[in-house]
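Working notes for the structure below.
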Amino acid sequence: MALRVVLRLLAVLVFAQAIFAGQFLDGNEAWRAWHAGNGMLVLPLLALVEVVLAMLAWRSGRVPGWIALASAGLLLAILVQGGLGRNGQLAVHVPLGVAILGLVGVLLGRTRQPATAPADPPVRREALR
């Protein structure tokens, strides 16, 4: 399912955000551009694709409606996150980043394919007597 692929990619990129931030907070200023580019361009675009895929999956009955709603909330949170980061509001920017990673994890967990139960072995006629 394309939705799961996009969610996996989002999870990797959101986690990478923390790595990029840690690198530039450790004194390597070059990583600030990676953090900004990923957070203000790549993540919002990918989250928009995820919203569209979640809406399509919901409309076709493959996922519940709350998945599509949570996906829209994720996009909104990522957009707000970019604004907070651009304005230096770290007191909200950092916890919101953790919440975004958590929401991506929940969406990944709730959209996974259910495991198929193994088929029961055929019953022999002798066992029925």
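The values are calculated or read from the model by the stated rules, or taken from the named source; none is laboratory data. Everything numeric here is computed off the predicted structure, so don't read it as measured data. Note that each Cβ is placed from the backbone with ideal geometry, even for glycine, and that neighbours are counted across all protein chains shown.
What to note about this one:
- Any hit, segment 79-90, residues being at pLDDT below 95 and among the hydrophobic types (A, V, I, L, M, F, W, C): yes
- First in segment 21-46 and without any contact (Cβ under 8 Å) to a residue 24 or more places away in the chain, second anywhere and hydroxyl-bearing (S, T, Y) and in a helix (DSSP H, G or I), Cβ under 6 Å, 6 or more apart: none
- Scanning segment 22-31 for any residue that is under 21 Å from A70 (Cα atoms), more than 13 Å from the chain's Cα centre (by Cα), surrounded by 12 or more Cβ atoms within 10 Å (Cβ to Cβ) and not charged (D, E, K, R) turns up nothing.
- Exclusive hit being basic (K, R) and either at pLDDT 95 or above or in a helix (DSSP H, G or I) (or both), set R8, R62: R8
- Inspection of segment 84-102 finds a residue satisfying the criterion of being loosely packed, with under 13 Cβ neighbours inside 10 Å, β-branched (V, I, T) and part of a helix (DSSP H, G or I).
- Of the residues in segment 55-78, at least one is touching a Ser or Thr at 6+ places or on another chain (Cβ under 7 Å) and either surrounded by 13 or more Cβ atoms within 10 Å (Cβ to Cβ) or free of Cβ contacts under 8 Å to residues at least 24 places away in the same chain (or both).
- Only one of the numbered conditions (1) more than 11 Å from the chain's Cα centre (by Cα); (2) assigned to a helix (DSSP H, G or I); (3) closer than 23 Å to N87 by Cα is violated by L53, and that is (3).
- In a residue-by-residue description of segment 109-117, the property of being among the hydroxyl-bearing types (S, T, Y), under 15 Å from A2 (Cβ atoms) and crowded, with 16+ Cβ neighbours inside 10 Å applies to at least one position.
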